[in-house]
Ligand SMILES: C[S@@+](CC[C@H](N)C(=O)[O-])C[C@H]1O[C@@H](n2cnc3c(N)ncnc32)[C@H](O)[C@@H]1O
């Protein structure tokens, strides 16, 4: 028996067309290597330098702090944490604050300048800084019990190689905190600023599962974000234990 899907309403068709019109499409038109060079240039430059401040103004930085500080995503469970696409340290700051004493944290990013900015901000003996691409992480299999990755995979036309790499470096049963731009109007507007794409929840969940990462817990910054479906896709995924 085939089950027919309900037809989208006129309003949702208009919203979807508007989103498609607004969304940045260059990521799908450019060769991956060339696109990576552009991303490096974007984040190396003034726009990358401004993230430290713009993320406080947009509340993204304090809201991540609230999520980690409240134990909604409890980082004190982990001894080895990798932050992928650290930027100038918006998530890293809270990993340093809330990780258990003696935890090892590695911050990696494609942009050397973003890493330099993070290093200048946090002179913590807990943190090692490594320049690396999410799709080719220079770490051993199962090296980490937690990986955090916020607002990075929207820079991948195809998320699978990056998700597979994060799954590979996680221990079986380890946790991934994944945050990504959602396919909403606000997400499409943000994709223009950051020359990235957006994700549909179901599509991203399926991509995670194909990489061996099962969605364990959806997360929301606040109950207002949950009610209004704002803030993007936030999820704790776990590496399937073999
Ligand atoms: C929007 S910033 C997010 C920074 C930080 N995670 C946060 O939550 O504010 C995206 C970061 O991802 C990095 N990035 C983009 N593509 C990457 C890739 N393929 N591998 C590693 N890092 C990448 C960029 O250099 C940039 O620092």
Checking a compactness column here: for segment 190-242, what do you get for Rg(Cα) / (2.2 N^0.38 Å), N being the number of residues?
1.31
Springs between alpha-carbon atoms under 10 Å, Gaussian network over the chain: tell me which of 22, 14, 152 tops the mean-square fluctuations.
14
Any idea how far the Cα center of segment 163-242 sits from the one of segment 83-119, in Å?
19 Å
In nm, give the distance between the simple-model label positions of residue 66 and residue 216, each being 7 Å from the Cα along the Cα-to-Cβ direction.
2.4 nm
Looking only at the chain, where both bridge partners belong to it, what percent of the DSSP beta bridges are antiparallel (to the nearest 5)?
40 percent
Given a Förster distance of 45 angstrom, what is the FRET efficiency for residue 49 paired with residue 11, based on the Cβ-Cβ distance and rounded to 0.05?
0.70
Principal-axis tilt of helix 10-22 within the chain, Cα atoms, nearest 10 degrees:
50 degrees
Scaled by the rule-of-thumb 2.2 N^0.38 Å, the alpha carbon Rg for segment 1-100 gives a ratio of 1.55
Using only helices, what value at 222 nm comes out for the chain when you add -39,500 (n - 2.57) per DSSP H run of length 4 or more and divide by the total residues, to the nearest 500 deg cm²/dmol?
-12500 deg cm²/dmol
Quick one: in the chain, what % of C-alpha pairs are over 34 Å apart?
12 percent
Site residue 120, offset 7 angstrom along Cα→Cβ, radius 12 Å on amide nitrogen, limited to segment 76-90, gives 88
Evaluate the distance, in nm, between pseudo-label points positioned 7 Å from the Cα of residue 160 and of residue 34 along their respective Cα→Cβ axes.
2.3 nm
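Every number here is computed from the coordinates shown, using simple stated rules; none is lab data. On a predicted model such as this, the values are computed, not experimentally measured, just so you know. Cβ: placed from backbone, ideal geometry, glycine included. Neighbour counts: every protein chain shown.
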